[in-house]
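Each value in this text was obtained by applying a stated rule to the coordinates, not by laboratory testing. All values reported here derive from a predicted model rather than from experimental measurement. All Cβ positions, even for glycine, are placed from backbone atoms using ideal geometry, and neighbour counts span all protein chains on display.
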Amino acid sequence: MEGWRAPDAEQEELRAHYLRHLATHPDGMWRSCRPEHVTASALVVDGTGQNTLLTLHKTVGRWLQLGGHCEPGDTTLSGAALREAAEESGLPGLTVSREPLQLSRHLLHAGGCAGAYHLDVQFLVTATTTEYVVSDESDDLAWFPLNALPADTDTSVQALATRAHQQIFQP
């Protein structure tokens, strides 16, 4: 993240916050770090770049991008996002962007991390097939047009989809 060029002032402020967090918390990548820890997520798009695969998250009960906590075997954040996307979707042959699409800091209200903040690093992941498998972490998975997400989709996911659409179609 040190070399990542943030696309705007808000993202640059988050980038600086993440770097400060990691500099002062040697355990800042792990779920046990409170009140904040880094996570990695993936906005999975199909080969056309028109549709995204979202999970109806079991704990949160809303449509979200795929992703989660870093694990000891993860050597990069993009690798963690790719691992999470593959685990949660069963999709083979995924490819992940080198650079994050955006950063998102959000308070958790449910699950084992309630009261903590996720410092989520969000990547674009491209799928070569659209046939997924619903994992134990999801109530459901579904493909949605990037520009027509479900009405109750969280604003952070909407912003992520908008940024992905812009990157794919207006590079």
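Take the alpha carbon atoms of the range 127-171, find their center, do the same for the range 1-72, and report the distance between the two centers in whole angstrom. Distance between centres, Cα-based: 15 Å.
Where Lys and Arg each count +1 and Asp and Glu each count -1, what net charge lies around Asp120 among other residues with Cβ under 12 Å from its Cβ?
-2
Between the listed residues Ser78, Leu119, Ser138, the Cα displaced farthest toward the positive end of the dipole of the range 54-138, a dipole computed from Cβ unit charges relative to the Cα centre, is found at Leu119. Net charge in the neighbourhood of Gly79 (other residues with Cβ under 14 Å of its Cβ; Lys, Arg +1, Asp, Glu -1) is -3.
Here, P(r) means the percent of Cα pairs in each 5 Å bin from 0 to the largest distance; for the chain it is 1, 9, 18, 23, 23, 15, 9, 2, 0. Close amide H partners of Arg62, meaning residues 5 or more places away or on another chain with modelled amide H under 5 Å apart, are His57. Less than 5 angstrom separates the built amide H of Val44 from those of Leu53, Leu66, Val125, all sequence-distant by 5 or more or on a different chain. Using only Cα atoms, tell me the angle between helix 155-169 and the longest principal axis of the chain; keep it within 0 to 90° and round to the nearest 10. Value to nearest ten degrees: 70. Antiparallel DSSP bridges in the chain: what percent, to the nearest 5? Approximately 70 percent, going by the DSSP bridge assignments.
Under 5 Å between amide hydrogens, built in the peptide plane, is the criterion, and for Thr39 it picks out Leu119, Asp120, Val121 among residues at least 5 positions away or on other chains.
Across the range 128-138, rounded Karplus estimates of 3J(HN,Hα) from the backbone phi angles (6.51 cos²θ - 1.76 cosθ + 1.60, θ = phi - 60°) give 9, 9, 10, 8, 9, 10, 6, 8, 5, 7, 10 Hz, Gly and Pro being marked x. In percent, rounded to a whole number, the relative contact order of the chain is 26, using alpha-carbon pairs under 8 Å and six or more apart.
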